[in-house]
Amino acid sequence: MRGIALVTGGSRGIGAATALKLGTLGYTVVLTYAHDRLAAEQVVSAIEAAGGKAQARSLDIASEPQVLALFDELGAIPEPLTLLVNNAGVTEGFSKLEALRFEQLQRVFQVNVFGAFMCAREAVRRMGYSHGGQGGVIVNVSSRAAELGGSGEWIHYAATKGALDSLTRGLAKEVARDGIRVNGVAPGLIDTDLHATNGKPERVADMAPGIPMGRAGLPEEVADCVAWIASAGAGYVTGAIVPVSGGR
Ligand code: NAP
(Lines give C-alpha, C1' and ligand atoms only; values in the text may rest on other atoms or scores of the structure.)
Protein backbone atom coordinates (compact mmCIF):
# COMPACT_ATOMS: atom_id res chain seq x y z
CA MET A 1 0.00 0.00 0.00
CA ARG A 2 1.48 3.34 -1.05
CA GLY A 3 -1.22 5.52 0.53
CA ILE A 4 -3.00 8.55 -0.83
CA ALA A 5 -1.40 10.85 -3.40
CA LEU A 6 -3.16 14.21 -3.58
CA VAL A 7 -2.55 15.93 -6.92
CA THR A 8 -3.96 19.46 -7.13
CA GLY A 9 -4.97 20.55 -10.62
CA GLY A 10 -5.02 16.93 -11.78
CA SER A 11 -7.65 17.36 -14.45
CA ARG A 12 -5.37 18.47 -17.26
CA GLY A 13 -1.79 18.78 -18.44
CA ILE A 14 1.05 18.02 -16.05
CA GLY A 15 -1.30 17.25 -13.15
CA ALA A 16 -3.32 14.74 -15.20
CA ALA A 17 -0.16 12.97 -16.43
CA THR A 18 1.16 12.89 -12.86
CA ALA A 19 -2.09 11.51 -11.46
CA LEU A 20 -2.10 8.78 -14.10
CA LYS A 21 1.52 7.86 -13.42
CA LEU A 22 0.98 7.71 -9.66
CA GLY A 23 -2.19 5.66 -10.14
CA THR A 24 -0.28 3.06 -12.11
CA LEU A 25 2.36 2.97 -9.35
CA GLY A 26 -0.25 1.92 -6.77
CA TYR A 27 -1.14 5.17 -5.02
CA THR A 28 -4.77 5.89 -4.26
CA VAL A 29 -4.98 9.13 -6.23
CA VAL A 30 -7.15 12.06 -5.22
CA LEU A 31 -7.01 14.60 -8.02
CA THR A 32 -8.61 18.02 -7.94
CA TYR A 33 -10.11 20.27 -10.60
CA ALA A 34 -11.29 23.86 -10.51
CA HIS A 35 -13.70 24.07 -13.44
CA ASP A 36 -13.44 21.03 -15.68
CA ARG A 37 -15.18 18.18 -13.89
CA LEU A 38 -15.54 16.11 -17.05
CA ALA A 39 -11.79 16.24 -17.71
CA ALA A 40 -11.11 15.21 -14.11
CA GLU A 41 -13.51 12.28 -14.39
CA GLN A 42 -11.77 11.17 -17.57
CA VAL A 43 -8.46 11.05 -15.71
CA VAL A 44 -10.12 8.99 -12.95
CA SER A 45 -11.48 6.60 -15.61
CA ALA A 46 -8.04 6.28 -17.22
CA ILE A 47 -6.46 5.42 -13.86
CA GLU A 48 -9.18 2.86 -13.14
CA ALA A 49 -8.81 1.36 -16.62
CA ALA A 50 -5.11 0.88 -15.84
CA GLY A 51 -6.04 -1.00 -12.65
CA GLY A 52 -5.55 1.88 -10.21
CA LYS A 53 -7.72 3.73 -7.69
CA ALA A 54 -8.69 7.39 -8.03
CA GLN A 55 -11.23 10.01 -7.03
CA ALA A 56 -11.84 13.53 -8.34
CA ARG A 57 -12.67 16.48 -6.06
CA SER A 58 -13.62 20.06 -6.81
CA LEU A 59 -11.20 22.60 -5.32
CA ASP A 60 -10.48 26.28 -5.68
CA ILE A 61 -7.09 26.14 -4.04
CA ALA A 62 -7.23 29.87 -3.26
CA SER A 63 -10.05 29.21 -0.77
CA GLU A 64 -8.85 28.16 2.69
CA PRO A 65 -12.28 26.71 3.67
CA GLN A 66 -12.21 24.54 0.52
CA VAL A 67 -8.65 23.36 1.24
CA LEU A 68 -9.58 22.48 4.83
CA ALA A 69 -12.72 20.64 3.69
CA LEU A 70 -10.74 18.64 1.14
CA PHE A 71 -8.15 17.51 3.68
CA ASP A 72 -10.95 16.59 6.11
CA GLU A 73 -12.49 14.44 3.36
CA LEU A 74 -9.17 12.64 2.90
CA GLY A 75 -9.55 11.47 6.49
CA ALA A 76 -12.49 9.29 5.40
CA ILE A 77 -10.20 7.24 3.14
CA PRO A 78 -8.70 4.38 5.19
CA GLU A 79 -5.16 5.04 4.00
CA PRO A 80 -2.59 7.64 5.06
CA LEU A 81 -1.74 10.66 2.95
CA THR A 82 1.81 9.95 1.80
CA LEU A 83 2.27 12.31 -1.15
CA LEU A 84 1.13 15.85 -1.98
CA VAL A 85 1.80 17.20 -5.46
CA ASN A 86 1.21 20.95 -5.35
CA ASN A 87 0.58 21.30 -9.07
CA ALA A 88 -2.44 23.59 -9.51
CA GLY A 89 -1.37 26.84 -11.06
CA VAL A 90 -2.51 29.79 -13.13
CA THR A 91 -0.60 32.53 -14.92
CA GLU A 92 -3.30 35.25 -15.01
CA GLY A 93 -2.36 35.95 -18.60
CA PHE A 94 0.44 37.61 -20.46
CA SER A 95 1.19 41.15 -19.35
CA LYS A 96 4.16 43.43 -19.02
CA LEU A 97 4.50 44.82 -15.51
CA GLU A 98 3.54 48.31 -16.69
CA ALA A 99 0.08 47.01 -17.70
CA LEU A 100 -0.46 44.59 -14.81
CA ARG A 101 -3.71 44.96 -12.89
CA PHE A 102 -3.82 44.46 -9.14
CA GLU A 103 -6.50 41.79 -9.58
CA GLN A 104 -4.14 39.71 -11.76
CA LEU A 105 -1.36 39.97 -9.19
CA GLN A 106 -3.70 39.12 -6.34
CA ARG A 107 -5.18 36.07 -8.05
CA VAL A 108 -1.91 34.57 -9.27
CA PHE A 109 -0.44 34.78 -5.75
CA GLN A 110 -3.65 33.48 -4.14
CA VAL A 111 -3.70 30.37 -6.34
CA ASN A 112 -0.01 29.60 -6.87
CA VAL A 113 1.42 30.67 -3.51
CA PHE A 114 -1.31 30.86 -0.86
CA GLY A 115 -2.95 27.69 -2.21
CA ALA A 116 0.31 25.73 -2.21
CA PHE A 117 1.21 26.99 1.27
CA MET A 118 -2.15 25.96 2.70
CA CYS A 119 -1.99 22.50 1.13
CA ALA A 120 1.58 22.02 2.35
CA ARG A 121 0.55 23.06 5.87
CA GLU A 122 -2.35 20.60 5.94
CA ALA A 123 -0.13 17.83 4.55
CA VAL A 124 2.53 18.43 7.24
CA ARG A 125 -0.19 18.26 9.90
CA ARG A 126 -1.10 14.78 8.65
CA MET A 127 2.24 13.32 7.55
CA GLY A 128 4.60 14.60 10.24
CA TYR A 129 5.86 12.18 12.89
CA SER A 130 5.22 14.84 15.53
CA HIS A 131 1.56 14.88 14.45
CA GLY A 132 1.26 11.09 14.65
CA GLY A 133 1.82 10.66 10.91
CA GLN A 134 4.01 8.20 9.02
CA GLY A 135 6.05 10.73 7.05
CA GLY A 136 5.65 11.51 3.38
CA VAL A 137 6.69 13.58 0.40
CA ILE A 138 5.67 17.00 -0.90
CA VAL A 139 6.45 17.96 -4.50
CA ASN A 140 5.93 21.56 -5.55
CA VAL A 141 5.50 22.16 -9.27
CA SER A 142 7.52 25.30 -9.87
CA SER A 143 8.73 26.65 -13.21
CA ARG A 144 11.99 27.61 -14.88
CA ALA A 145 10.33 31.05 -15.04
CA ALA A 146 11.30 31.48 -11.37
CA GLU A 147 14.95 31.86 -12.42
CA LEU A 148 14.45 33.17 -15.96
CA GLY A 149 12.16 35.96 -14.70
CA GLY A 150 9.29 35.87 -17.21
CA SER A 151 10.29 39.23 -18.71
CA GLY A 152 7.91 40.58 -21.35
CA GLU A 153 5.38 37.88 -20.58
CA TRP A 154 4.59 37.27 -16.94
CA ILE A 155 6.94 38.46 -14.23
CA HIS A 156 3.93 38.17 -11.89
CA TYR A 157 3.72 34.44 -12.59
CA ALA A 158 7.49 33.91 -12.38
CA ALA A 159 7.52 35.60 -8.99
CA THR A 160 4.93 33.16 -7.62
CA LYS A 161 7.21 30.29 -8.61
CA GLY A 162 10.12 32.02 -6.90
CA ALA A 163 8.01 32.09 -3.74
CA LEU A 164 7.19 28.41 -4.22
CA ASP A 165 10.92 27.63 -4.44
CA SER A 166 11.45 29.41 -1.10
CA LEU A 167 8.68 27.25 0.35
CA THR A 168 10.44 24.14 -0.97
CA ARG A 169 13.84 25.06 0.44
CA GLY A 170 12.61 26.33 3.79
CA LEU A 171 10.05 23.65 4.50
CA ALA A 172 12.46 20.87 3.50
CA LYS A 173 14.71 21.86 6.41
CA GLU A 174 11.85 22.53 8.79
CA VAL A 175 10.30 19.05 8.45
CA ALA A 176 13.35 16.94 7.56
CA ARG A 177 13.29 15.22 10.97
CA ASP A 178 9.52 14.91 10.86
CA GLY A 179 9.80 12.29 8.10
CA ILE A 180 8.78 14.57 5.25
CA ARG A 181 10.85 15.27 2.15
CA VAL A 182 10.01 18.46 0.25
CA ASN A 183 11.22 18.99 -3.31
CA GLY A 184 10.31 20.88 -6.43
CA VAL A 185 10.24 20.24 -10.13
CA ALA A 186 10.83 23.19 -12.44
CA PRO A 187 9.34 22.47 -15.86
CA GLY A 188 10.49 24.48 -18.84
CA LEU A 189 8.27 24.76 -21.92
CA ILE A 190 5.75 21.91 -21.63
CA ASP A 191 3.14 21.15 -24.26
CA THR A 192 -0.15 21.62 -22.37
CA ASP A 193 -3.32 23.74 -22.68
CA LEU A 194 -1.75 26.46 -20.54
CA HIS A 195 -0.36 28.42 -23.48
CA ALA A 196 -3.58 28.39 -25.54
CA THR A 197 -5.83 29.16 -22.60
CA ASN A 198 -3.72 32.25 -22.00
CA GLY A 199 -4.25 33.35 -25.59
CA LYS A 200 -1.05 32.11 -27.31
CA PRO A 201 -1.75 28.71 -28.93
CA GLU A 202 1.32 29.21 -31.14
CA ARG A 203 3.70 29.74 -28.17
CA VAL A 204 4.93 26.14 -27.93
CA ALA A 205 5.75 25.85 -31.65
CA ASP A 206 7.33 29.31 -31.71
CA MET A 207 9.57 28.71 -28.69
CA ALA A 208 10.54 25.07 -29.25
CA PRO A 209 13.46 25.79 -31.64
CA GLY A 210 15.06 27.97 -28.97
CA ILE A 211 15.15 25.18 -26.38
CA PRO A 212 18.60 23.54 -26.20
CA MET A 213 17.02 20.13 -26.89
CA GLY A 214 15.03 21.64 -29.76
CA ARG A 215 11.58 20.68 -28.54
CA ALA A 216 8.98 21.29 -25.87
CA GLY A 217 8.62 18.75 -23.08
CA LEU A 218 5.72 16.38 -22.56
CA PRO A 219 3.57 16.40 -19.41
CA GLU A 220 4.54 12.74 -18.96
CA GLU A 221 8.21 13.72 -18.72
CA VAL A 222 7.41 15.98 -15.77
CA ALA A 223 5.25 13.23 -14.26
CA ASP A 224 8.17 10.79 -14.45
CA CYS A 225 10.34 13.19 -12.47
CA VAL A 226 7.64 13.69 -9.82
CA ALA A 227 7.30 9.90 -9.51
CA TRP A 228 11.06 9.55 -9.05
CA ILE A 229 11.15 12.25 -6.35
CA ALA A 230 8.33 10.45 -4.55
CA SER A 231 10.09 7.09 -4.75
CA ALA A 232 12.41 5.44 -2.26
CA GLY A 233 15.16 5.92 -4.86
CA ALA A 234 15.12 9.61 -3.95
CA GLY A 235 15.10 8.86 -0.23
CA TYR A 236 18.02 11.23 0.55
CA VAL A 237 16.80 14.02 -1.74
CA THR A 238 15.14 16.96 -0.03
CA GLY A 239 15.14 20.71 -0.66
CA ALA A 240 16.00 20.12 -4.33
CA ILE A 241 14.38 21.80 -7.30
CA VAL A 242 14.88 19.63 -10.36
CA PRO A 243 14.71 21.32 -13.78
CA VAL A 244 12.70 19.35 -16.37
CA SER A 245 13.38 21.72 -19.18
CA GLY A 246 15.44 20.27 -22.03
CA GLY A 247 18.33 22.48 -20.94
CA ARG A 248 16.38 25.74 -20.84
P1 NAP B 1 -3.01 23.59 -17.21
O2 NAP B 1 -3.05 22.62 -18.33
O3 NAP B 1 -3.49 24.98 -17.42
O4 NAP B 1 -3.79 22.93 -15.95
C5 NAP B 1 -3.93 23.68 -14.77
C6 NAP B 1 -4.59 22.84 -13.72
O7 NAP B 1 -4.78 23.65 -12.53
C8 NAP B 1 -5.96 22.35 -14.12
O9 NAP B 1 -6.15 21.06 -13.57
C10 NAP B 1 -6.89 23.35 -13.47
O11 NAP B 1 -8.19 22.83 -13.20
C12 NAP B 1 -6.16 23.62 -12.18
N13 NAP B 1 -6.54 24.90 -11.57
C14 NAP B 1 -6.65 26.11 -12.16
N15 NAP B 1 -7.05 27.03 -11.28
C16 NAP B 1 -7.18 26.39 -10.08
C17 NAP B 1 -7.59 26.80 -8.80
N18 NAP B 1 -7.92 28.06 -8.51
N19 NAP B 1 -7.64 25.87 -7.80
C20 NAP B 1 -7.30 24.59 -8.07
N21 NAP B 1 -6.92 24.14 -9.28
C22 NAP B 1 -6.86 25.04 -10.28
O23 NAP B 1 -1.52 23.75 -16.64
P24 NAP B 1 -0.20 22.86 -16.83
O25 NAP B 1 0.53 23.39 -18.00
O26 NAP B 1 -0.50 21.43 -16.72
O27 NAP B 1 0.60 23.35 -15.54
C28 NAP B 1 0.57 22.66 -14.30
C29 NAP B 1 1.58 23.30 -13.37
O30 NAP B 1 2.86 23.30 -14.03
C31 NAP B 1 1.26 24.74 -13.03
O32 NAP B 1 1.61 25.00 -11.70
C33 NAP B 1 2.15 25.52 -13.98
O34 NAP B 1 2.47 26.79 -13.47
C35 NAP B 1 3.37 24.62 -14.05
N36 NAP B 1 4.20 24.81 -15.25
C37 NAP B 1 3.70 24.62 -16.49
C38 NAP B 1 4.53 24.83 -17.60
C39 NAP B 1 4.07 24.64 -19.03
O40 NAP B 1 4.81 25.02 -19.96
N41 NAP B 1 2.90 24.07 -19.27
C42 NAP B 1 5.85 25.23 -17.40
C43 NAP B 1 6.32 25.41 -16.11
C44 NAP B 1 5.50 25.20 -15.03
P45 NAP B 1 -9.38 22.93 -14.36
O46 NAP B 1 -9.01 21.94 -15.42
O47 NAP B 1 -10.61 22.51 -13.65
O48 NAP B 1 -9.38 24.34 -14.83
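The values are calculated or read from the model by the stated rules, or taken from the named source; none is laboratory data. What you see is a predicted model; the values in this text were computed from it and never measured. All Cβ positions, even for glycine, are placed from backbone atoms using ideal geometry, and neighbour counts span all protein chains on display. Heavy atoms of the whole protein, side chains included, go into the accessibility calculation; ligands, DNA and RNA do not. Shrake-Rupley method; radii C 1.70, N 1.55, O 1.52, S 1.80 Å.
Which residue, of MET118, MET127, is at pLDDT 95 or above, under 28 Å from ILE77 (Cα atoms), buried (at least 18 other Cβ atoms within 10 Å of the Cβ) and in contact with a helix residue (DSSP H, G or I) (Cβ under 6 Å, 6 or more places away or on another chain)? Break it down stepwise before answering.
Numbers: MET127 fails: in contact with a helix residue (DSSP H, G or I) (Cβ under 6 Å, 6 or more places away or on another chain).
None of the others qualify; the one that does is MET118.
If I go through the range 30-47 residue by residue, how many of them are open to solvent by less than 10 Å² (accessible area, probe 1.4 Å) and of a type in the set (A, V, I, L, M)?
Applying the first criterion (open to solvent by less than 10 Å² (accessible area, probe 1.4 Å)) to the range 30-47 yields 30-32, 40, 47.
Now drop any that are not of a type in the set (A, V, I, L, M), which leaves 30-31, 40, 47.
The total comes to 4.
Select from the range 11-29 the residues that are within 13 Å of the ligand (Cβ to nearest atom) and open to solvent by less than 10 Å² (accessible area, probe 1.4 Å) and list them in ascending order.
Across the range 11-29, the qualifying residues are GLY15, THR18, ALA19.
Provide a single number: the residues in the range 179-197 that are surrounded by 14 or more Cβ atoms within 10 Å (Cβ to Cβ), more than 18 Å from MET118 (Cα to Cα) and more than 8 Å from the ligand (Cβ to nearest atom).
2
If you scan the range 78-94, which residues turn out to be at negative phi, of a type outside the set (D, E, K, R), in contact (Cβ under 8 Å) with a residue 12 or more places away in the chain and in a loop (DSSP other than H, G, I, E, B)?
PRO80, ASN87, ALA88, GLY89, VAL90, THR91, PHE94
Quick one: which helices (runs of 4 or more DSSP H) sit completely within the range 1-77 and have at least 1 residues that are touching a residue at least 40 places away in the same chain (Cβ under 8 Å) and of a type outside the set (A, V, I, L, M, F, W, C)?
13-24, 64-74
From the list ALA99, ALA5, ALA50, pick out the single residue that is more than 11 Å from the ligand (Cβ to nearest atom), at pLDDT 95 or above and open to solvent by less than 20 Å² (accessible area, probe 1.4 Å).
After ruling out the rest, the residue left standing is ALA5.
Evaluate the following for GLY247: is it part of a helix (DSSP H, G or I) and away from the ligand (no atom under 12 Å from the Cβ)?
No: the conditions fail for GLY247.
How many residues are within 14 Å of the ligand (Cβ to nearest atom) and either assigned to a helix (DSSP H, G or I) or open to solvent by 70 Å² or more (accessible area, probe 1.4 Å) (or both) if we restrict to the range 214-237?
Looking only at that region, the number is 9.
For the range 138-173, give me each residue that is open to solvent by less than 10 Å² (accessible area, probe 1.4 Å), near the ligand (Cβ under 10 Å from one of its atoms) and polar (S, T, N, Q).
ASN140, SER142, THR160
Enumerate the pairs (first residue in the range 212-240 and within 24 Å of ARG169 (Cβ to Cβ); second residue anywhere and open to solvent by less than 30 Å² (accessible area, probe 1.4 Å) and modelled with pLDDT under 95) with beta-carbon separation below 8 Å, excluding pairs fewer than 6 apart on the same chain, so at least 6 apart or on different chains.
none
For the range 102-132, which positions are within 11 Å of the ligand (Cβ to nearest atom) and under 17 Å from ILE4 (Cβ atoms)?
CYS119, the sole residue that qualifies.
Please state which of the following conditions GLY184 fails to meet, knowing it meets all the rest: (1) in contact (Cβ under 8 Å) with a residue 40 or more places away in the chain; (2) outside any strand (DSSP E or B).
Failed condition: (2).
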